[in-house]
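All remarks here apply to the structure that follows.
The values are calculated or read from the model by the stated rules, or taken from the named source; none is laboratory data. The shown structure was predicted, so the numbers you read here are calculated from the model rather than taken from an experiment. In this analysis, Cβ positions are derived from the backbone assuming ideal geometry, glycine residues included, and neighbour counts consider all displayed protein chains. Protein only, heavy atoms only, side chains kept; ligands, DNA and RNA dropped before computing areas. Shrake-Rupley method; radii C 1.70, N 1.55, O 1.52, S 1.80 Å.
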Amino acid sequence: LKRLTKEMQEHSDRQEYESASEKRNMIKAMQALKRIYFIDKKKNYDSILSDLKKKIYLTNFPKIIEAYDISNISGQFAVASKVVFVNGVSSKIHYRKYKIKLIEGINDCGMMKEVITRRYKKILNNEENEPDLILIDGGIPQLNSVIDALRSLDVVYKADIISLAKKNELIFKFG
């Protein structure tokens with residue numbers, strides 16, 4: 001987190017706002033996961049992920065976790081960030097930044113729907129694997145936009161889907 005914070009500040013100082021917002025989104029996603037469950041490095045990750053599965057009533061063992069966040073500057077330069085954890089450890093090779101192409105203005109739900117649609121099209125084409133847990137930054141509206149995206153693709157998805165409303169520290173789960 002310290003390194004990402006430093007990189008975010010450096011990008012901001014150079015007025016590279018998209019890169020700075022991507023770093024900020026990664027920081028937020030990691031902090032959100034830490035708030036769900038603090039991972040003690042001395043413990044076995046399988047045990048920790050099993051506890052997480054029980055505590056938030058997941059259907060699947062969360063081997064692959066994808067976390068998404070939307071970022072924009074006053075409705076412009078909109079991007080979404082995806083951070084990925086595999087077996088409890090961040091997998092930076094799977095991180096992705098999505099430039100929002102279809103939605104204009106401030107519309108987090110529409111942007112989230114666009115990103116999840118693009119992501120699941122790759123899964124449907126067998127280009128990428130489906131995660132076990134999708135973590136969304138936002139509340140019920142953002143969660144519903146993800147569900148709408150998956151339904152519009154007629155996807156039979158296996159992933160658990162939760163959203164984190166950070167303002168009140170609430171977790172919402174679909175299903």
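Brief remarks on what is shown
- GNM remark for the chain: springs join alpha carbons under 10 Å apart, and the peak mean-square fluctuation among ILE56, ILE116, ILE136 falls on ILE56.
- Principal axis extents of the Cα atoms in the stretch 1-149, from largest to smallest and rounded to whole angstrom, are 42, 36, 29.
- A simple rule links phi to the HN-Hα coupling: the Karplus curve 6.51 cos²θ - 1.76 cosθ + 1.60 with θ = phi - 60°, which for the stretch 4-14 gives 5, 5, 5, 4, 4, 5, 4, 5, 5, 4, 8 Hz, with x for Gly and Pro.
- Among the listed pairs LYS54/LYS92; LYS54/LYS99; LYS6/LYS158; LYS6/LYS54, those beyond 30 Å (Cα-Cα): LYS54/LYS99; LYS6/LYS158; LYS6/LYS54
- Mean residue ellipticity (222 nm) of the chain, computed from DSSP H runs ≥ 4 via -39,500 (n - 2.57), nearest 500: -13500 deg cm²/dmol
- Listed residues ASP160, ASP154, ASP13 arranged by accessible area, highest first, probe 1.4 Å: ASP154, ASP13, ASP160
- Using the Karplus relation 6.51 cos²θ - 1.76 cosθ + 1.60 with θ = phi - 60°, the per-residue 3J(HN,Hα) values for the stretch 122-139 come to 5, 5, 5, 8, 6, 7, 9, 8, 7, x, 8, 9, 10, 10, 10, 7, x, x Hz, with x marking Gly and Pro.
- Of the trypsin sites (Lys or Arg not before Pro) found in the stretch 92-175, those that fall in a DSSP loop while having at most 14 other beta-carbon atoms within 10 Å are LYS101, LYS158, LYS166, LYS167.
- Calculated FRET efficiency, ASP154 to GLN15, Cβ-Cβ distance, R0 = 45 Å: about 0.60 to the nearest 0.05.
- Global form of the stretch 64-175, assessed from the alpha-carbon gyration tensor, a/c cut-off 1.5: rounded
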